[in-house]
Every structure is written in structure tokens, then in C-alpha cells.
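**Student:** Sending over a structure as C-alpha cells; questions will come in a sec.
The values are calculated or read from the model by the stated rules, or taken from the named source; none is laboratory data. If you're wondering where the values come from, they're calculated on a predicted model, not measured in any experiment. Cβ placement follows ideal geometry from the backbone for every residue including glycine, while neighbour counts extend to all protein chains displayed. In case anyone asks, the SASA skips ligands and DNA or RNA and just uses the protein heavy atoms, side chains included. Shrake-Rupley method; radii C 1.70, N 1.55, O 1.52, S 1.80 Å.
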Amino acid sequence: MRLRVLIICIVLLVPIQVYACEGLTDHQFVETANQLVQGQLEKESTSRLFPLFTASDHLYSKLQLVTSIYQPRIGFEVLDCDPLTMTNRVKVMWFRPEIKKRAWVFKQNASRNQSLDKISVDYQEIDVIKERITITALAIGPFNENVWLAQSVKLNEPILKKHLKETPWVYKDQQVRVLAISGDITIETVGIAQQFGQYLDRVNVRLLNNQLVRTTVVKKGTVKID
């Protein structure tokens, strides 16, 4: 009888360790992820993340952003603890991002080789993820008559740096000064440019005798026969 009492006492003295999950709830995790992404954005930009996982009673810790914020899916690596089994595992949780920023937008369709000051534009909010562009690709305004379209654009398309170029040095249908250079001898005449051209661009020019020659733009309003 004494032996049984001693065994019971020993058992009672052994500490029982209970492990519990620690970390953020679903709601806290989403809020924290939003704060981390917002902290990486520039001024005039806002973000919102939409979870692509099912809500549960799991707890999450050790959050780490493992993707760029400027893509259709944003991933966070977390330590996921299941309170039912008390087990932890590392996994990636995914979100669909919405990142908005104010930017210049075309308010009409327009063809290339036009001055931007003749085209309707507006400064408004856009979703850079939906538009599939990066903030660094956006053109910075306001714009003046020295900025021209380098390519055709569409209504409601954000204005990008690649859309723009400086004012042409030679205009289509402009009368230009044409130089023919051979050694120390330079012959000068005039002709009509058949296309727009920037410095060192090659453009066709029709001379007064109706001959079409290939030239290179060397100055504003001046070309040199190749």
C-alpha cells in the first residue's frame, strides 16, 4: 500500500508541458500584410490585399514578403500553426493585390507624331496591377509643346515614358535644308521631308527635281545626304 502511494506521488510531481500556438489570427495577418506592402509604396499610392486562402483558426508568425509587390499575386512566407494538432509548418500565403496611384492618362485615341499639348489628358487614379505596369514606367507631367507622341495610344491608357519623345528636328512635309558633302566640298539645296525625324534619324527627302534621297538629320530643319 505504501508503494502505491509513493508511485502516485511521484507521478503527480512530474510537470505536464502544454504547447500552445502563437501568432496572428487570419484578420491580424491580413492587416499586417497590408501594412507591410503599404510601407513599400511611394507617395500618392495606396494598396489593398485580397486573401486567396480560406479563413481558419490557424495562427501565423514570422511573416516575410517573398515576391515583388507589383505582380498579380503577392506571397508571404509564414510559420503556420494548427491549434488542433499543435504542429507548425512553413508555407506561402497568397494575396491578390490592388495598388492604386494618381497618374496621367490619355482621354482620347491619338496617333503618333503629335504634340502632347494638343491631346486631351487627365490626372487620375489608376490600378497599376490591373494595367500591368510599374510606377517607374509612368511619365511624369505636366507636359508642354516640346513633348511629342512616339507611338499611337488609346483612350484611358496611362501615359508611359515610352509613349513620349522630344519635338522632332524635322517635320513631315517641312521644307528642309539639304547638304551634300564630299570631302571639303559642300553643296546646299532644299527639299521636302517625307517623314518626321529626330537628331541622326534617317529620313527620305524629295528634292526640287522630284528625286527622292535618303538623308540623316544633323540639325533642326537640316539634313545631310547619306
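**Student:** In region 128-144, how many residues are modelled with pLDDT of 90 or more, more than 8 Å from the chain's Cα centre (by Cα) and open to solvent by 30 Å² or more (accessible area, probe 1.4 Å)?
**Tutor:** Within region 128-144, residues that are modelled with pLDDT of 90 or more, more than 8 Å from the chain's Cα centre (by Cα) and open to solvent by 30 Å² or more (accessible area, probe 1.4 Å) number 3.
**Student:** Can you tell me which residue is most open to solvent (accessible area, probe 1.4 Å) among those in region 31-66 that are within 16 Å of the chain's Cα centre (by Cα) and either of a type outside the set (S, T, N, Q) or on the phi > 0 side of the Ramachandran plot (or both)?
**Tutor:** Checked region 31-66; the qualifying residue most open to solvent (accessible area, probe 1.4 Å) is Lys43.
So that you can scan it fast, the table gives a plain yes or no per residue for (1) touching a Cys at 6+ places or on another chain (Cβ under 9 Å); (2) assigned to a strand (DSSP E or B); (3) hydrophobic (A, V, I, L, M, F, W, C):
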| position | (1), (2), (3) |
| --- | --- |
| Ile140 | no, no, yes |
| Glu145 | no, no, no |
| Gln151 | no, no, no |
| Lys162 | no, no, no |
| Asp173 | no, no, no |
| Val176 | no, yes, yes |
| Leu179 | no, yes, yes |
| Thr186 | no, yes, no |
| Tyr199 | no, no, no |
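**Student:** Taking region 74-90, which residues are within 34 Å of the chain's Cα centre (by Cα) and surrounded by 14 or more Cβ atoms within 10 Å (Cβ to Cβ)?
**Tutor:** Ile74, Gly75, Phe76, Glu77, Val78, Leu79, Asp80 - these are the residues of region 74-90 that are within 34 Å of the chain's Cα centre (by Cα) and surrounded by 14 or more Cβ atoms within 10 Å (Cβ to Cβ).
**Student:** A follow-up question, please. Take Trp104 and tell me if it is open to solvent by less than 30 Å² (accessible area, probe 1.4 Å), of a type outside the set (Val, Ile, Thr) and not in a loop (DSSP other than H, G, I, E, B).
**Tutor:** It is false that Trp104 is open to solvent by less than 30 Å² (accessible area, probe 1.4 Å), of a type outside the set (Val, Ile, Thr) and not in a loop (DSSP other than H, G, I, E, B).
**Student:** Out of Arg96, Arg112, I need the residue that is surrounded by 13 or more Cβ atoms within 10 Å (Cβ to Cβ), under 23 Å from the mean Cα position of the chain (by Cα) and at pLDDT below 95. Which one?
**Tutor:** Arg112
**Student:** Here is a further query. In region 111-131, how many are touching a residue at least 40 places away in the same chain (Cβ under 8 Å) and farther than 27 Å from Val170 by Cβ?
**Tutor:** 2
**Student:** If you don't mind, another one. Which members of region 173-226 meet the condition of being open to solvent by 40 Å² or more (accessible area, probe 1.4 Å) and in contact (Cβ under 8 Å) with a residue 40 or more places away in the chain?
**Tutor:** Gln174, Arg177, Ile181, Phe196, Lys219, Lys220, Lys224, Ile225
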